[in-house]
1. Once you sort the root eigenvalues of the Cα gyration tensor of segment 1-129 as a ≥ b ≥ c, which label holds: rounded (a/c under 1.5), prolate (a/b larger than b/c) or oblate (the other case)?
2. I want to check the label-to-label distance for residue 134 and residue 116. Put each point 7 Å from Cα in the C-beta direction and report it in nm to one decimal.
3. Over segment 1-135, calculate the relative contact order: mean separation of alpha carbon pairs under 8 Å at least 6 apart, over the residue count, as a percent.
4. Working out 0.36 nm times the residue gap between residue 38 and residue 319, then minus their Cα-Cα distance, what length gain in nm do you get to one decimal?
5. Scan (i) 70, 39, 34; (ii) 74, 47, 39; (iii) 54, 46, 42 for the value of Cα extents along the principal axes in Å calculated from this model and give just the label.
6. Which length gain, in nm to one decimal place, applies between residue 96 and residue 161 when the Cα-Cα distance is subtracted from 0.36 nm times their residue separation?
7. Ignoring everything except DSSP H segments at least 4 long, calculate the 222 nm mean residue ellipticity for the chain; use -39,500 (n - 2.57) per segment, divide by total residues, nearest 500.
8. What residue among 244, 303, 335 has the largest mean-square fluctuation in a Gaussian network model of the chain, using Cα springs under 10 Å?
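What follows draws every value from the coordinates through simple rules; no lab data is involved. In this text the structure is predicted, and so the values were computed from the model without any measurement. Here Cβ is always computed from backbone atoms with ideal geometry, including for glycine, and neighbour counts include all displayed protein chains.
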């Protein structure tokens, strides 16, 4: 077992969830959460991390000198840090996006190389090209768009030529860099291309964290918009509960020999998919509230009509399965908002 696990982006939604899960699962392992607290709301995780015995280190992955404050070299780096929005960089400079996602990953790889640490990378389904995804044959049903081909969704063999978004570019480039480091320096690495991750403690915004955004809008009774694709709200994503992701990461940490050198899609799959319109119905049922939702027909850069994760390569390789439904995700987020810190409304607004 690892003696020291470093989780970058460790105070964020995904990083803190993984840190807390690993701390509970491996009490003899030192867990360090490394984060610059750039995203508002991440500071709320610091008391939770401390209570679980997770050491927090304030630092920025773009700054190699910040790693020098680590209490000891890690022997596993879990790279969760990212500017995670597919809309990032459009209409302005992409510098922060590229410096964080690409230069930051390079700094983390250098730390792993110097420490001889294993490396687990959280990538994204956004590495798949937008035009190719939107060109898949589809049909319009009552509440959603559906794929007329590839009903299991998008697999790891989906073609990668074409534009994907500035965000997706940084994550794909990081994947390539990790592969080169593994070959050049003998690093043991594994990559997860995660679908849409959701659950409690995600500070949902209009460009990232759509499930929390939807639940919060219903709970606080504020309006929303169906944006793009005719403004019908029929665009579809599969949803992965963060607890299901933690189950996967725990298995990978426990059996890294089995996962070293692998790249997998990790998502909720076809049975875990919802359209925005269907999500609205679940939110109405769970919260008891109805809100105004306007139709905005303007398409945004990098928006996708349908994305469903084909995770069969992963589920064939391991015993892992996503077990929590989108309805369970929404209920868990609702319970968190309802009983969580009193100033959540100001953050989620």
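1. prolate
2. Here the modelled spin labels are 5.0 nm apart.
3. That works out to 25 percent.
4. Gain in length upon complete extension: 97.6 nm.
5. Evaluating Cα extents along the principal axes in Å on these atoms matches (iii).
6. Result: 20.9 nm gained on full extension.
7. -10500 deg cm²/dmol
8. Largest GNM mean-square fluctuation: 335.
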